[in-house]
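Structure record follows, encoded as structure tokens.
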Amino acid sequence: MTFRNSHGSAYSLDMGTESKTLYFTLATAGHVDHGKTSVLRALTGIDPDRLKEEKQRQMTTDIGFAHLNFPTESDGSNLVIGFIDVPGHGKFLKNMLAGVGGIQMALLVVAADEGPMPQTVSHVKILSLLGVRKALVVLTKIDVASPGRQKEVELLVRNLLEQYQIECLGIAPVSNTEVTGFDNLKRQLSQVVLQLDRPTTSGGALLPIDRVFSKSGYGVVITGTLVSGSLAVGESISIEPGGIKGRVRGLETFKKQIERAESGQRLAVNLSLKENKPLTRGQVVANWNPPVVNTLIARIEQVGPASEWVKKSDLEDQPVRLYHGTAECFGHLRWCQVIETAQSLIVQIVLTDPVVAEPGDRFVLRYGDEGITGGVILMNSRPRWMTRQKLNTFADQLVRHDYSSAAEFFLDNMSQPAVKSESLADFVPIEDRTRVLENGISAGTILQVGGFIIGTHRGQMLKDQIIKNVSTDATNGAPVEHSIESVRMKVAHGIDRQVFQHLVKDLSDAGLVVRSGDKLSIKSDVKPSVSTAQTLLAEQIIALLQNTLCLEIDEIAKTLSSDRKTVTAALQHLTLQEKAYIVNYDFASSEQSIRAAHEALAKIWGAKREISPSDFREALSTNRKYAMALLGHFDDKQITRRLNNSRVLLKAPKA
């Protein structure tokens, strides 16, 4: 059983026959020398400083890890909290960002004697930009601060968190030197974790890599926090960016081997790779095909005091560094636009190297010498048809989370009339996609045909164009038959044939067009006016057809010293009068011949329950060319249906 917070990651309940384990992963944050690593060491008994230089300098330079096992409850359940110890010094900010990505709650460490310092504020701002909305505060060094000073610092910390829209879940005073206050801290941690909302979300496994190493006898091992989905031993995976394929050989969480991991767990994953390519921090392990993109349309969020809000002039046309998950990507901010909703800044970021990113993902952006901002990805691509003006309208809908209107706008304005349903993934967060599609279909704004979707407004425009196209080339008001494929090529050559056939069926069912096999004509109750010359030609054609079963149209034109187009038009007039018919595009037969051929089909079917071309040819005493042309005509009219090398009769002749 799996639990997730409002952002879809960080909790897992491992159900076994003897134990139930709730996993939760959080990050520490705070100013350098305020005691983050010491707190974790005292809390868990594990030293998260894993590098030699970290121990020598007594300062965390890269992310470290520790975990705390709570006592097993009477029902067999127990809680395991994993901690990611992130560096506090500004020089190591990129490592701090790699540790916080995908984490939805923080342990904020503040020294009681110094209070919030510049790096404290920087970390709180980053937490807010990454969507962390809850924090438990650990007040360290209480042994060197008076009770009055402690109260003052507590107030400062609460105000700081409130400024950045982060809820303070409690404050736990501790002393690292005297090792006091940690029982209270553990108690607060367990209470906070168990009281958080954990709605489930869907989606494949996604594990941003933060460490890569080799282990003798095992091979490649990566570590990271599983931010969504589940991952099992033996499962096939891909690593992106890079397109590296492989499978999971083994899973371990805090030195415990497991068969399946759920979101929220801190993992070491032993991989078997098909290619000997190096892996790096910033890549992602997934059991699906995650989107790998270079262009992002994003909203910059304004957090903290108004005096710190980023201005359009600060960002426009700037080289930037984007931090997403565990990835650090260099890029360029192409343009910045202010839209009306909440005075949001909408930006386009073009990255030098690709990144795995989806709509709804959060990121941090560094610009200039010290500038830090961030926000939410709105789109992981920018179609060429989306002009700046259209993008402003579209982005406004996305910022307001009006994804239904955004989907309608997208489908009505895109260059292709219909797209795969998966195209919604370019701008709708994963937790909203099914709802948006189902609501659109229910409301009649989206038409789904197979795996394709089309806006109903766009569909109606295409229907109007089909009617207009079929209505052209009429001679004296007489409907002219057009092949469905030729109409599709004229109206929307890029549309999927299945979608186009659906639109044609709608028109046919509504009686707006007439479909005859693969031919379309406009419905018309107006009898065409026929000239004397046309009447004479029609009579001559009837005379020729009276003495034969079937003739080629070119042969008729040659015999009557006319041309194919004129003869075809005359035959269409005769079709309306039900005196003669165009057969299989290139031939013509009289009404009597068609009726006789239909009766021959019925006799063969009654005798043998199948109709072979040879039996049909012999019954009509004709050659194979004319027999096959007539069979094609009956197939088009849905009188017969081809089955292997023979045919079945679908409609009996009129009595």
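The values are calculated or read from the model by the stated rules, or taken from the named source; none is laboratory data. Just so you know, these numbers come straight off a predicted model, no measurement behind them. Here the Cβ positions follow ideal geometry from the backbone for every residue, glycine too, while neighbour counts run over all protein chains shown.
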(request) Taking the residues in the stretch 168-195 that are on the phi < 0 side of the Ramachandran plot and assigned to a strand (DSSP E or B) as candidates, determine which candidate is surrounded by the fewest Cβ atoms within 10 Å (Cβ to Cβ). (result) THR180
(message) Are there strands (runs of 3 or more DSSP E) fully within the stretch 502-616 with at least 2 residues that are farther than 22 Å from ILE484 by Cα? List them.
(response) 587-590
(message) Exactly one of these conditions fails for ALA492: (1) buried (at least 20 other Cβ atoms within 10 Å of the Cβ); (2) within 31 Å of the chain's Cα centre (by Cα); (3) at pLDDT 90 or above. Give me its number.
(response) (3)
(request) Among the numbered conditions (1) among the aliphatic types (A, V, I, L, M); (2) modelled with pLDDT under 90; (3) in a helix (DSSP H, G or I), tell me where ALA406 comes up short. (result) (2)
(message) Restricting to the stretch 215-237, and then to whatever is surrounded by 13 or more Cβ atoms within 10 Å (Cβ to Cβ) and outside any strand (DSSP E or B), can you tell me which residue is modelled with the lowest pLDDT?
(response) TYR218
(message) So, restricting to helices (runs of 4 or more DSSP H) that lie completely within the stretch 56-165, which ones have at least 1 residues that are under 27 Å from GLY304 (Cβ atoms), at pLDDT 90 or above and of a type in the set (A, V, I, L, M, F, W, C)?
(response) 118-129, 147-163
(request) Please state which of the following conditions SER272 fails to meet, knowing it meets all the rest: (1) closer than 24 Å to LEU127 by Cα; (2) modelled with pLDDT of 90 or more; (3) of a type in the set (Ser, Thr, Tyr). (result) (1)
(message) Could you go through the stretch 639-651 and let me know if any residue there is surrounded by 19 or more Cβ atoms within 10 Å (Cβ to Cβ), closer than 25 Å to THR532 by Cβ and in contact with a helix residue (DSSP H, G or I) (Cβ under 8 Å, 6 or more places away or on another chain).
(response) no
(request) Output the number of residues of the stretch 274-297 satisfying the condition of being touching a Lys or Arg at 6+ places or on another chain (Cβ under 9 Å) and within 16 Å of THR223 (Cβ to Cβ). (result) 1
(message) Can you tell me which residue is farthest from HIS67 (Cα to Cα) among those in the stretch 238-279 that are among the acidic types (Asp, Glu) and assigned to a loop (DSSP other than H, G, I, E, B)?
(response) GLU275
(request) Could you please find all residues in the stretch 626-638 being surrounded by 13 or more Cβ atoms within 10 Å (Cβ to Cβ) and either within 50 Å of the chain's Cα centre (by Cα) or charged (D, E, K, R) (or both)? (result) MET628, ALA629, LEU630, LEU631, GLY632, HIS633, PHE634, ASP635, ASP636, LYS637
(message) Being outside any loop (DSSP other than H, G, I, E, B) and closer than 17 Å to ALA492 by Cβ is the filter here; which residues of the stretch 411-452 pass it?
(response) LEU411, ASP412, ASN413, VAL419, LYS420, SER423, LEU447, VAL449, PHE452
(message) Just to be sure before I move on: is ARG624 free of Cβ contacts under 8 Å to residues at least 24 places away in the same chain and either out of contact with any Gly (no Cβ under 6 Å at 6 or more places or on another chain) or outside the structural domain of GLY517 (by TED's automatic domain parsing) (or both) in the structure I sent?
(response) yes
